[in-house]
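Below is one structure; the comments refer to it alone.
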Amino acid sequence: GDYLTIKDTLTPSYSLKDTTSVYSSYEGNVRKENISVTNNLSLSVPYLFTTYNLSLKLYTLEDVKEEKKYNSGNVSENSKKEETPFSWDKSSVKTHELQFSKSFDTTIGKLSGRVTLVLPPLAFAINPSVSYSFDLFSSSFSWSFKETDNKIQPQKSNLKFSFTGSKAAASLESTYNFDGFTGIFEPRKLRLYGSLSLYTDNKKWSIEEKID
């Protein structure tokens, strides 16, 4: 309801692939068998604008058998079996995050904000974002931060403006990579993207130009 929503999905998966290839000196057969079990948990508390997500790989098994039958009559076999049980680390925990989000509808547009915290055992990160839309116009800004060497370091920022009309659409987007940031602006880490589209009322014909 409005207080707590829980969604939990357990997904077992099995696949078998058998491949035979013929070469000049032998015939090869590879048999790959994969088993996996994953679990996705989502807890939502709308009253607190909060969502908790946890995605786990509970178990994986990869079994590969290879056989080569040579023209001489000799046969060689090779097998590899890798089993990975669950462990509370990056190999088994695929998503672990806490998200806060809220939207405000006003007479001059819609404003939405979101902050996502990536939690251990994954590398701690903070990803805030904000977006605004009004009529045919929209804009958004996001900035990601990640823990590196026991310090929270900026990673990447993104700023986007867009317009969507009945006969035209345009967008302008910029990203800046803060990886290894020393406090000095480096133009080579800034990327600009843009696009302009013109089309007829039924959108049967259109012209599009992109800038990268």
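Could you name the aspartates and glutamates in cross-link range of K68, using Cα to Cα under 20 Å and dropping any fewer than eight places away on the same chain? Straight-distance partners of K68: D18, E27, E33, E77.
Per residue, the chain exposes 71 Å² of accessible surface when a 1.4 Å probe is rolled over the protein heavy atoms with every protein chain present. Comparing N78, N53, N40 in a Gaussian network model of the chain, where Cα atoms under 10 Å apart are tied by springs, the biggest mean-square fluctuation is seen for N78. What does a probe at Y70 reach in the range 1-33, counting residues whose amide N is under 11 Å from the point 7 Å along Cα→Cβ? Hits in the range 1-33 for Y70 at 11 Å: 25-26. Counting every pair of alpha carbons in the range 119-212, the share spaced more than 16 Å apart comes to 66 percent. For the chain, a Gaussian network of Cα nodes joined below 10 Å ranks T175, T107, T60 by mean-square fluctuation, and the top entry is T107.
Over what distance in Å are the Cα centres of the range 131-194 and the range 16-60 separated? The two parts, judged by their Cα centres, are 33 Å apart. Around L16, under 12 Å between beta carbons, what's the net of Lys plus Arg minus Asp minus Glu among the other residues? In short, 0. When the pairs K189/K210; K69/K94; K57/K160; K81/K151; K17/K90; K69/K90 are compared against a 29 Å limit on Cα-Cα distance, K69/K94; K57/K160; K81/K151; K69/K90 fall above it. For the set Y14, Y199, Y176, solvent exposure ranked by accessible area (probe 1.4 Å, protein chains only) runs largest to smallest as Y14, Y199, Y176. Taking chymotrypsin sites (Phe, Trp or Tyr not before Pro) across the range 80-112, the ones in a DSSP loop with at most 12 further Cβ atoms lying within 10 angstrom of their Cβ are W88. A simple spin-label model places the labels of L48 and T148 3.2 nm from each other, with each point 7 Å out along Cα-to-Cβ. Label-to-label distance for L58 and K17 is 2.5 nm, based on points extended 7 Å past Cα in the beta-carbon direction. The orientation-averaged shadow of the Cα convex hull for the range 19-169, equal to a quarter of the hull surface, comes to 16.8 nm².
Among K69, K32, K167, the residue with the largest mean-square fluctuation in a Gaussian network model of the chain, with springs joining Cα atoms closer than 10 Å, is K69. Summing charges over all other residues whose Cβ lies under 13 Å from the Cβ of Y176, with Lys and Arg as +1 and Asp and Glu as -1, gives +2.
Sum up the charges of everything whose Cβ sits under 12 Å from the Cβ of S103, counting Lys and Arg as +1 and Asp and Glu as -1, but leave S103 out.
Residues close to S103 contribute a combined charge of +2.
Probe radius 1.4 Å, ligands and nucleic acids ignored: give me the carbon and sulfur share of the accessible area of the range 79-212 as a rounded percent. Roughly 58 percent of what the probe reaches on the range 79-212 is carbon or sulfur. Amide H to amide H distances under 5 Å link K156 with S144, F178, where only residues 5 or more positions off or on other chains count and H is placed in the peptide plane.
The values are calculated or read from the model by the stated rules, or taken from the named source; none is laboratory data. No experiment lies behind these values; they were computed from the predicted model shown. Virtual Cβ from ideal backbone geometry, glycine too; neighbours counted across all protein chains shown. Side chains are part of the model used for accessible areas, which takes the heavy atoms of the whole protein and leaves out ligands, DNA and RNA. Shrake-Rupley method; radii C 1.70, N 1.55, O 1.52, S 1.80 Å.
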